[in-house]
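**Student:** Handing you a structure now.
The values are calculated or read from the model by the stated rules, or taken from the named source; none is laboratory data. Predicted model only: the values in this text are computed from it and were never measured. Cβ sites come from the backbone with ideal geometry, for glycine too, and all protein chains shown count toward neighbours.
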Amino acid sequence: MKITLLFPLLIALLSSSYANESILLQRIVALEKKVIKLEEKLAPVLEEERVKEIVKTQQAQALERIMIDGDLYARHDLQIIEKLYQTANEDWKGENVIKAVDLLIERYPQANRTGIAALTLAQTSEGSLQIELLKKAIGPFSNCYYSNGVQVGPYARLYLGMLYKKEGKEEKANSLFKELRAQHPNAIDHHGQLLSSHLEGME
């Protein structure tokens, strides 16, 4: 008789336990969904902060590279380098620009300004001259920097890759894009954005 009376009590306790576990599970699932939504909202903010830190690092590296010229060249040479660069910078489509950049490349191949000049002239040129300058920017001038943190080599890779893409040279373009992702994941553009962000939908 006593055992018979215990059965309803046990069933009631078990039912209550299962119900509590079900409620707890529902709460956990709901909490997980909230966490996921919160992470999705925070992701762009966190990425923006990450990129800002990358930009600071790139700008510091640019300053270091610029300062190296002081060890490579005498003051007189640095003055000539700057004068040649500013001559080109007055008008990148002017009559004297090619001569000025050629002199920089010939006489001061290790100067940071030379790398910048080669890339800038490449962007305002066409045809074989443009390709030649971009390849030099990717090669011997790769480690030159603009003061804002833009590195010459990675930027030239992106620019040349886009040219190849436009011309339908997919294999050459994708090869440059892969190099950019693998070798220069933190390279930035003149707006402080990662160069890799320009590759979405390009590869």
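**Student:** Which residue pairs have Cβ atoms under 7 Å apart, sit 6 or more places apart or on different chains, and have a first residue in the stretch 102-129 that is without any contact (Cβ under 8 Å) to a residue 24 or more places away in the chain and a second that is of a type in the set (V, I, T)?
**Tutor:** L104/I81; L104/T114
**Student:** Please indicate, with yes or no, whether at least one residue in the stretch 70-77 is closer than 21 Å to P140 by Cα and crowded, with 18+ Cβ neighbours inside 10 Å.
**Tutor:** No, the stretch 70-77 contains no residue that is closer than 21 Å to P140 by Cα and crowded, with 18+ Cβ neighbours inside 10 Å.
**Student:** Evaluate the stretch 68-83: report whether one residue or more is in a helix (DSSP H, G or I) and among the aromatic types (F, W, Y).
**Tutor:** Taking every residue of the stretch 68-83 in turn, none turns out to be in a helix (DSSP H, G or I) and among the aromatic types (F, W, Y).
**Student:** Scan the stretch 131-173 for residues that are free of Cβ contacts under 8 Å to residues at least 60 places away in the same chain and of a type in the set (G, A, S) and jot them down.
**Tutor:** Residues satisfying the conditions are A137, G139, S142, G153, A156, G161, G168, A173.
**Student:** Would the stretch 150-164 turn up any residue that is assigned to a helix (DSSP H, G or I) and exposed (fewer than 14 other Cβ atoms within 10 Å of the Cβ)?
**Tutor:** No, the conditions are met nowhere in the stretch 150-164.
Here's the yes/no breakdown for (1) under 20 Å from S196 (Cα atoms); (2) assigned by TED's automatic domain parsing to the domain that holds F141; (3) in contact (Cβ under 8 Å) with a residue 40 or more places away in the chain:
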position	(1), (2), (3)
L46	yes, no, no
Q61	yes, yes, yes
E64	no, yes, no
I80	no, yes, no
L84	no, yes, no
K93	no, yes, no
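**Student:** Does the stretch 111-125 include one or more residues that are over 18 Å from the mean Cα position of the chain (by Cα), in a helix (DSSP H, G or I), at pLDDT below 95 and at negative phi?
**Tutor:** Within the stretch 111-125, none of the residues are over 18 Å from the mean Cα position of the chain (by Cα), in a helix (DSSP H, G or I), at pLDDT below 95 and at negative phi.
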